[in-house]
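Report on one structure; see the data block that follows.
Just so it is clear, none of the values below were taken in a lab; they were calculated from the coordinates. Just so it is clear, the model here is predicted, and its values are computed rather than measured. Note: ideal-geometry Cβ built from the backbone for every residue, glycine included; neighbour counts use all protein chains shown.
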Amino acid sequence: MLNNPRLIALGIALILVAGLAALASLPRLEDPYFGNRDGIVLTQFPGASAERIETLVIEPLESELRSIPEIKHINSTAKSGVAAISIVFVDEVPASETDRLWSEVRDKLEKAAKSLPAGASPPQLDHERSYAFTWIGALRWQGEDADLLTAGRYAEELASRLRNLHGTDLVKLWGAPDEEVQVKVDVIKAASVGLDVNSIASKLQNSDAKSAAGELVNGEFRLPVELAGGFEQLERIRRTPLLTLDEGGSLQVQDLAEIYLGEPVTPKDLALVSGERAIVVAVRMLPDQRGDLWAARLREKIAEFSASLPAEIEVEELFSQEGYTSARLSELIVNIGTGFLLIFIILLFTLGWRSAVIVAVSLPMTMLFALGCMRFNHMPIHQMSVTGLIVALGIMVDNAIVMSDMVMRYRRQGFSPVASATKAFRHLWLPLLGSTLTTMLAFMPIVLMPGPGGEFIGPLAESVIFALAGSWIISLFIIAPIAGRWLSGEKGASSALAGRRLGPWLNIHYRRFLAAVLERPRISAMLCFALPLSGFMLAQTLTEQFFPPSDRDMINLEVYLPAGSSIFDTQRATERMSEVINSHQEIESLHWFVGRSAPPFYYNIFDNMDGAPFYAQAMTTVRSVPDANRMVSVLQRELDERFPEYQTVVRRLGQGPPTPAPVELRLYGSEIDRLVVLGDELRRIALETEHVVQARTSLGETVPKLVVNIEESEAQRSQVGLRDIAGSLAASVDGVVTSSLLDGSEQLPVRVSGYAVKGTSVDRFMSFPLVLPTGPRPLSAIADAHLEPIQAKITRRDGRRINKLEVYIQDGVMSATVLDALLKNIEKAGFAVPAGYELEVGGEAENRSTTVGKLMGSAGIVAVLLVVTVVMAFNSFRLSAIVFMVAGQSAGLGMLSLWLANFPFGFTAIVGLMGLMGLAVNAAIVILTELKASPLAMAGNRADIVETVAECTRHIVSTTLTTVAGLVPLLIAKGQFWPPFAIVLAGGTVFTTILSLVFVPAMFLIMRKPYVAALVSERMARQTQDRDVDQTSTV
């Protein structure tokens, strides 16, 4: 093949076509897509307290779910009227298996639902919350007298159209009113004729004839039978007869109730767009789509829909991920171009223009090869995969540099172009394979890492591996023959600029230095350990950080009111806070979501606050990223000062897997009162800790409950049971749905409830008329009532009660610093965990240890493969040992680089260290390969060792400089995510290469077999001489 230019041309054409086709067809996302391992189960139980919901709803559901071994954690929250159970699968569950497991979860829930009490709704599973929405828009009413019911119907229509849009994964609505037919019964009038809410609802159910009445079948036809009279108009409901009057006629529903179309008195959630109520539509794209093309189709569909809207309603875009995706990918492409230019300049300076052109040609070809592999592996283009190509940019030229340098050497020795390429191929294919495999294997633990952490950072390692594989193939089968034909055999041709200007002076002094090193190889080798050891020691002083904040011009703002607050209280609180927030000119938009979490607009934002009228979350866009970073602390301070009665949390968007709070402590126990007391003490200590701005416990808040004590003797005399009374009261307060109205294509529930009962006072409630078999009586006639406090919510984790302390810290402060200070303060305060109780650390510290543990889980297997690869490449354990010592040194030097740059020690730095240990040994492998190929060097000839190492130095320096140049865009990147990763790779590579040029030849001389044998003989001779001297003295 090396002698067949047609095959080479076809190979180049194949790579070009495959790469360009992949570039045009690969999906484009902003961030990697996570497996769907998180879900939430919601069960409504109106009127039930948290204690009853825990016992009657959560425990049966948890008991059934625990039989699924793939479930990692079950986190439950019991609140008044609702149970929320969060399910998390183990990280080892692959994304392809999650749908099957969710089906199994659904089956378990259906089985457990049979044991739930009457009045509890069937459990509803939602497992579509693990990824951010791609586009978020709002339908707003223009002008006064907003008709939200009409706007809600248009929002449903828009959602329906977008679900049918090709490439759409999920569409959800926020703030949409629940349109119902409200039948508000005058309970006093109804009681006077012997009716109550339940009996009226029952009569409406019997009058709503929507069911089939059979089918007539004979030999000539089939004829379905249907009764006329189903509810299709409000007037039909109004005229439904309830009682036949003695004087003739009937008592109709409209005589006792007010009937109208509307939403419940208390909406479940609100969406406030720029301070006005609206309906928000959130759309998520499938991960196999190109974001730019899908967004264009989406906007076309929305423009078409907007043209059919009435003038009072408009569609406003609140958020589009495509803008961020395009900006990020454009920035990364510019980084690739910058790295390519820097690498070419360095190659021109170190190798000469001919070799520089040949090596530079390999860069775009290797990129296209990697893109082709990404398409074959179904890997989208996003920030991680493209960053992997940037990381590989400086590494992928190493093979081409070594190959072209070797071909040049053979050409200067007088070999023909084909012979030079062939000899270089045979000499280098195995050593280059060994160095390529060691680098690839160093990145394998990242690829094999399970769970969200692996899915997030894994594509970076995969694209590096694809590029390295392409680099090895292209260097052997394309660069070698091209270099043979292109490079001249004349010594002066294509010489490097650095070689012409600095070569003679540097060569002389460098060779003298190497000779001095080899005069005392053991001392030189020992001195080489000084810097790595200092790196390991200084690493203990580095601040720990899991993942840094994101560089996004958005802020995550959450506010918690007291647990007993209504959704309207929370709405008023957001209006007051909006005045403060909007007073800053840096704020571009502010949208509130009250009663539930906002639609996730970033990949690591939780969507887990359901049925929370005391909670609101804001989607805040700021003018620029620096303004967003600055406004976090400004808004946190101002909102805390202006609204101390609220708990406000202002945070930057983060990177990596989501965490509810940066610092978290979990206190397990059985008794709620004891957990509350212990949690309050921990919260007090946390608030006294430096840099803490807010601290919340999951237990401790109480809400009032009206306890009605029925005199059972009076109830028996009235011929009524306690359950009947409870059912009558619940129907009047919350309403009961037994029928529906067909309004065009919509089926609207008909809710029958008491007029003005839900918002009444306790005194008026006690005068509520009960319709009893013995006649109507007020509730106060058979009962008295009093208020008592109850727990607002009860939280559980894996079947145990828990009081969770969430600690929020000042922006820019490391969570590890605050956690250490908090634990010390707890110890100083003498806080003791009672017997039977347990204190556990969560938050970023737990995520960090878990993620690092998963990362290192496959390190042992990969280490064995590395040993096998290097030993097979050298066929020598002693030479392989030198390589592994260099790898160990590189880790210390990487941490030294991190310390010198004053970056925290986070997950990206750990990933960089793993890559560094495979990358930095390449120089050692090249040096040892050349030394092993020299008979004089193997014989211990110091002059030949110096000469061989000096010959290798040029392309080693070139590969090191190109590696650093490829990482320069990441070194100067905005934000705090990539610079620590890049400084570990770049600084560690430079330090390790410099040390390798000294350490490797010294260790080669020490560990060479003849040298070791001579050293042993010398030591034995010295011992014999000492023995003879001792015997002579004795005589």
Inset, instruction - Tell me what the chain gives for mean residue ellipticity at 222 nm when only DSSP H runs of n ≥ 4 count, each as -39,500 (n - 2.57), the sum divided by the residue total, rounded to 500 deg cm²/dmol. - result: -17500 deg cm²/dmol
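Quote the relative contact order of the chain in percent (integer), defining contacts as alpha-carbon pairs under 8 Å separated by 6+ residues. Could the numbers behind the result be given before it?
Working: 1907 pairs, mean separation 172.9, N = 1035.
Once divided by the residue count of the chain, the mean separation gives 17 percent.
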Inset, instruction - With θ set to phi - 60°, apply the Karplus curve 6.51 cos²θ - 1.76 cosθ + 1.60 along segment 606-621 and write out the HN-Hα couplings as whole Hz, x wherever there is a Gly or Pro. - result: 6, 10, 9, 9, 10, x, 10, x, 8, 10, 8, 10, 10, 9, 10, 10
Inset, instruction - Relative to the longest principal axis of the C-alpha atoms of the chain, give the angle of the C-alpha long axis of helix 672-687, reported between 0 and 90° and rounded to the nearest 10°. - result: 50 degrees
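Sorted from fewest to most neighbouring beta carbons within 10 Å, what does the list TRP486, TRP978 look like? Let's see the in-between values first.
On the way: TRP486 19, TRP978 24.
Fewest-to-most Cβ neighbours within 10 Å comes out as TRP486, TRP978.
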Inset, instruction - Could you tell me how many degrees, from 0 to 90 and to the nearest 10, lie between the Cα long axis of helix 843-856 and the main elongation axis, the longest principal axis, of the Cα atoms of the chain? - result: 50 degrees
Inset, instruction - Return, for the Cα atoms of segment 719-821, the radius of gyration and Dmax in Å, separated by a comma. - result: 23.6, 71
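What shape does segment 103-147 have by the C-alpha gyration tensor, where a ≥ b ≥ c are the square roots of the eigenvalues, rounded means a/c under 1.5, and otherwise prolate means a/b greater than b/c and oblate the rest? Spell out each step's value before the answer.
On the way: a/c = 7.30, a/b = 1.85, b/c = 3.96.
Since a/c reaches 1.5 but b/c is at least a/b, the shape of segment 103-147 is classed as oblate.
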Legend entry - segment 161-283: radius of gyration over Cα atoms, expressed as a fraction of 2.2 N^0.38 Å: 1.56
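Magnitude of the Cβ-charge dipole of segment 1-126, K/R +1 and D/E -1, about the Cα centre, nearest 20 debye? Can you show the working numbers first?
Values: 12 positive and 17 negative charges, 68 e Å.
Value, rounded to 20: 320 debye.
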Legend entry - Rounded if a/c under 1.5, otherwise prolate or oblate - segment 81-198, Cα gyration tensor axes: oblate
Legend entry - Sequence of SER550, SER767, SER858 once ranked by neighbouring C-beta atoms within 10 Å, starting from the fewest: SER767, SER858, SER550
Inset, instruction - Assign one of three labels to segment 651-771, namely rounded, prolate or oblate, based on the Cα gyration tensor with a ≥ b ≥ c the square roots of its eigenvalues; rounded applies when a/c is under 1.5, prolate when it is not and a/b is larger than b/c, and oblate otherwise. - result: oblate
Inset, instruction - Just report the Cα centroid separation between segment 192-214 and segment 775-819, whole Å. - result: 39 Å
Legend entry - Degrees separating the helix 978-1007 axis from the principal Cα axis of the chain, which is the longest one: 30 degrees
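If each residue's Cβ is checked for other Cβ atoms within 10 Å, how do LEU460, LEU348, LEU682 rank with the fewest at the top?
Values: LEU460 28, LEU348 18, LEU682 23.
Placing the least packed residue first, the sequence is LEU348, LEU682, LEU460.
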Legend entry - Read-out P(r) over Cα pairs in 20 Å bins from 0, in percent, derived from the coordinates shown; its label in (i) 11, 36, 37, 15, 1, 0; (ii) 11, 26, 17, 12, 12, 11, 8, 3, 0; (iii) 11, 34, 29, 17, 7, 2, 0, 0: (iii)
Legend entry - Separation of alpha-carbon centers, segment 896-942 and segment 366-426, rounded to whole Å: 19 Å
Legend entry - Inter-part distance where segment 265-285 and segment 637-670 are each reduced to a Cα centre, Å: 24 Å
Legend entry - Rg over Rh [alpha-carbon atoms, Kirkwood Rh] for segment 35-130: 0.97
Legend entry - Other-chain or far-sequence residues with amide H under 5 Å of PHE319's (modelled H): ILE136
